[in-house]
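Here is the structure we will look at.
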Amino acid sequence: MIIQAFLRWAETAGAADRAKAARALAKAYFRLRPDDPQKQAALHAMIHLLDDPSSAVRFALSESLAEEPSAPRAVVLALAEDQPDIACPVITFSPVLTDMDLVDIAGRGSSMTRGLIAARPELGRGVAAAIAEIGDTAEAVILLENDSADLSRYVLKRLAERHARSCEVRNLLLDREDLPAEARDVLVREISRALAGSLLVQATLSAPRIAYLTEEAATLATLRLVGNALSNEIPLLVQTMREDGRLTSAFLMHALCSGRIEFFAAAMTDLSGLDDRRVRSIMATGRKHAIRALYESCGLSREISEVFVEATMLWREKLREVQGSGEGIFDALIERYPRTVDTYTTINELLDIVESLQRQEYRDMARAYAEQTAYAA
């Protein structure tokens with residue numbers, strides 16, 4: 001009878017009074033025993049308030065139910081799909097909402113609603129994946145700034161793929177220690193494109209020079225990325241580069257000559273389709289004809305595959321001579337394939353590109369060392 005009286009009173013009471021009554025009604029609901037008939041009546045009254053024309057009343061109800069694990073699910077779900085300012089408390093805090101509920105709300109809701117979900121404490125992986133897939137740049141920023149959100153490798157990669165043009169998103173991603181190599185690779189390439197499109201760069205350099213420098217910078221950045229990637233990240237990075245057409249013979253040769261063997265072996269595994277252990281066994285102990293067959297199965301021509309075989313044999317020698325170091329492979333390779341002005345072959349072209357990459361990498365390393373020394377001083 002008390003609830004019926006409340007509903008009759010609500011028909012004539014002002015919005016401020018109704019908001020106070022909504023809070024009192026929610027408190028009464030949680031105090032009542034499950035078997036008390038008034039508890040069911042209180043639930044019906046709260047459902048009735050969902051249609052209240054005043055947003056203040058509905059907000060009061062949302063705020064009162066937000067952190068209660070025993071809040072009625074039907075009311076919480078309805079409030080979560082109300083206008084964003086009313087939905088905010090329950091979307092942000094309600095333990096009643098499951099990850100599936102949040103994914104559904106994100107799919108049906110507005111950008112502001114998805115932003116509220118992205119900011120929710122302890123956000124689950126599935127919900128974060130949904131936001132990463134359909135959210136705009138602002139929602140991506142909120143998600144990345146949510147330190148308690150569980151962001152998987154897939155989520156970080158999708159954020160990089162979809163929002164790499166946003167400087168704010170790029171910076172937030174690059175600051176993360178758990179950023180996977182394939183996502184970092186996406187960002188590096190986008191930064192290279194952004195530099196190439198800079199008005200200052202375009203006004204200073206010619207188009208061919210910009211294209212050359214951009215490609216060179218992206219390649220060097222990828223080489224550094226390859227060298228720093230974790231073992232479990234390398235196969236995905238290889239796959240991404242293969243799909244983008246960036247696993248060139250020159251890049252692979254430089255990886256081999258510079259001692260990035262984990263990456264090179266993973267590339268051979270991906271390109272050949274053979275088992276990883278089989279590929280590593282052939283590289284480490286196989287005869288020359290077996291190594292050549294492996295490389296040719298990856299798409300290398302007979303002429304080029306012979307150079308890769310020689311580089312592999314040199315790598316073996318260097319490992320035996322210098323306790324695990326792969327330094328000096330390229331210099332030894334140049335001695336075996338001398339270049340002359342009047343004879344320019346595919347091998348010469350390959351070695352020229354690798355030498356250029358190596359030279360630029362050494363310059364970058366020297367520059368980084370000089371900067372660190374100056375900073376330490």
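The values are calculated or read from the model by the stated rules, or taken from the named source; none is laboratory data. This is a predicted model, so every value here is computed, not measured. All Cβ positions, glycine included, derive from the backbone under ideal geometry; neighbour counts span all protein chains shown. Quick note on the areas: whole protein, heavy atoms, side chains included, nothing else; ligands and nucleic acids left out. Shrake-Rupley method; radii C 1.70, N 1.55, O 1.52, S 1.80 Å.
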Subject >> Residue selected from segment 259-290 under the condition more than 17 Å from Val238 (Cα to Cα) and of a type in the set (S, T, N, Q), by the criterion surrounded by the fewest Cβ atoms within 10 Å (Cβ to Cβ) >> reply: Thr285
Original post:
Would you pick out the residues in segment 258-313 that are over 26 Å from Asp244 (Cβ atoms) and of a type in the set (S, T, N, Q)?
Top reply: Ser281, Thr285
Original post:
Looking only at residues in segment 170-182 that are open to solvent by 60 Å² or more (accessible area, probe 1.4 Å) and part of a loop (DSSP other than H, G, I, E, B), which one is nearest to Met112 (Cα to Cα)?
Top reply: Asp175
Original post:
From the list Leu116, Leu123, Leu143, which residue is touching a residue at least 24 places away in the same chain (Cβ under 8 Å), open to solvent by 30 Å² or more (accessible area, probe 1.4 Å) and in contact with a helix residue (DSSP H, G or I) (Cβ under 8 Å, 6 or more places away or on another chain)?
Top reply: Leu116
**OP:** Could you tell me which numbered condition Ile282 fails, if it satisfies all but one of (1) touching a Leu at 6+ places or on another chain (Cβ under 8 Å); (2) in a loop (DSSP other than H, G, I, E, B)?
**Re:** (2)
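Determine, yes or no, whether Arg359 is closer than 23 Å to Ile261 by Cβ, modelled with pLDDT of 75 or more and out of contact with any strand residue (DSSP E or B) (no Cβ under 6 Å at 6 or more places or on another chain).
No: the conditions fail for Arg359.
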**OP:** Go through segment 291-309 and give me each residue that's at pLDDT below 90, buried (at least 20 other Cβ atoms within 10 Å of the Cβ) and outside any helix (DSSP H, G or I).
**Re:** Leu300
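Sort through Arg287, Arg246, Arg277 and tell me the only one that's under 20 Å from Leu350 (Cα atoms) and not hydrophobic (A, V, I, L, M, F, W, C).
On the way: Arg287 fails: under 20 Å from Leu350 (Cα atoms); Arg277 fails: under 20 Å from Leu350 (Cα atoms).
The match here is Arg246.
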Original post:
Give me the pairs: first residue in segment 226-247 and touching a residue at least 24 places away in the same chain (Cβ under 8 Å), second residue surrounded by 18 or more Cβ atoms within 10 Å (Cβ to Cβ) and assigned to a loop (DSSP other than H, G, I, E, B), beta-carbon distance under 6 Å, and six or more apart or on different chains, which are they?
Top reply: Val226/Arg260; Gly227/Arg260; Glu233/Pro180; Leu237/Ala229; Met241/Leu247
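Would you be able to say whether some residue in segment 150-169 is assigned to a helix (DSSP H, G or I), modelled with pLDDT under 75 and within 29 Å of Phe264 (Cα to Cα)?
Restricting attention to segment 150-169, the residues satisfying the condition of being assigned to a helix (DSSP H, G or I) are 153-163, 167-169.
Adding the requirement that they be modelled with pLDDT under 75 leaves none.
No, every residue in segment 150-169 fails to be assigned to a helix (DSSP H, G or I), modelled with pLDDT under 75 and within 29 Å of Phe264 (Cα to Cα).
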**OP:** Of all residues in segment 80-91, count the ones that are surrounded by fewer than 16 Cβ atoms within 10 Å (Cβ to Cβ) and not in a loop (DSSP other than H, G, I, E, B).
**Re:** 2
Original post:
Residues in segment 57-79 that are surrounded by fewer than 17 Cβ atoms within 10 Å (Cβ to Cβ) and assigned to a helix (DSSP H, G or I): how many?
Top reply: 3
**OP:** Answer yes or no: is there a residue in segment 93-105 that is at pLDDT below 95, outside any helix (DSSP H, G or I), of a type in the set (Ser, Thr, Tyr) and touching a helix residue (DSSP H, G or I) at 6+ places or on another chain (Cβ under 7 Å).
**Re:** no
Subject >> Hits in segment 126-140 - residues which are buried (at least 23 other Cβ atoms within 10 Å of the Cβ) and either in a loop (DSSP other than H, G, I, E, B) or on the phi > 0 side of the Ramachandran plot (or both) >> reply: Gly135
